[in-house]
Amino acid sequence: MLERPPSWWSRRSPLQRIAFLATAVVVGVSTLVLVSQAKTPPNNPTVNSANTQVIRTGAYRACQGFVKDHLDAPATAVFDDPAVTVARGAATGEWTIQGVVTSRNRFGATLRQRFLCRVLTTNAGDTWAEEEVAIEP
């Protein structure tokens with residue numbers, strides 16, 4: 001009958017076994033700490049939930065103005081409820097607004113068009129810059 005050679009673990013001294021287990025515990029705990037810190041959002045005023053709604057509303061209002069600038073009859077514009085999405089993250093101050101606007105064209109016909117607007121704020125929603133406005137023909 002063939003005998004099995006001793007396992008890697010059984011060839012180690014008790015001190016080596018303790019050192020190995022201690023190293024495994026330290027690595028495991030360190031990994032858990034790093035993972036838990038990675039999930040914590042940064043302490044950024046544009047990201048906290050109370051301020052996000054205010055900034056979202058500001059982004060929508062800024063887009064309404066930028067979309068009106070691209071219409072033939074901006075005074076006739078009526079906006080439906082928007083779908084607000086974060087473009088590259090609220091922490092960067094970049095927002096994408098998608099919605100529908102109803103307005104008249106230069107011939108007086110009423111048009112219902114979808115729009116996409118990208119805006120950027122650098123100071124937590126006080127001022128807005130137009131990055132892109134696309135209106136369905």
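Could you list, in sequence order, all residues of segment 98-132 that are aromatic (Phe, Trp, Tyr) and in a loop (DSSP other than H, G, I, E, B)?
Hits for segment 98-132 are Phe107, Trp128.
Filter segment 105-135 down to the residues that are touching a helix residue (DSSP H, G or I) at 6+ places or on another chain (Cβ under 7 Å) and hydrophobic (A, V, I, L, M, F, W, C) and list them by number.
Phe115, Cys117, Val119, Ala124, Trp128, Val133, Ile135
Condition first: modelled with pLDDT of 75 or more and surrounded by 14 or more Cβ atoms within 10 Å (Cβ to Cβ). Now tell me which residues in segment 33-60 satisfy that.
Ile55, Arg56, Gly58, Ala59, Tyr60
In segment 113-128, what residues are more than 17 Å from the chain's Cα centre (by Cα), more than 18 Å from Asp80 (Cα to Cα) and surrounded by 13 or more Cβ atoms within 10 Å (Cβ to Cβ)?
Hit for segment 113-128 is Trp128, nothing else.
The values are calculated or read from the model by the stated rules, or taken from the named source; none is laboratory data. Model, not experiment: these values are computed from the prediction. Methodologically, a virtual Cβ is constructed for each residue, glycine included, from the backbone with ideal geometry; neighbour enumeration extends over all protein chains shown.
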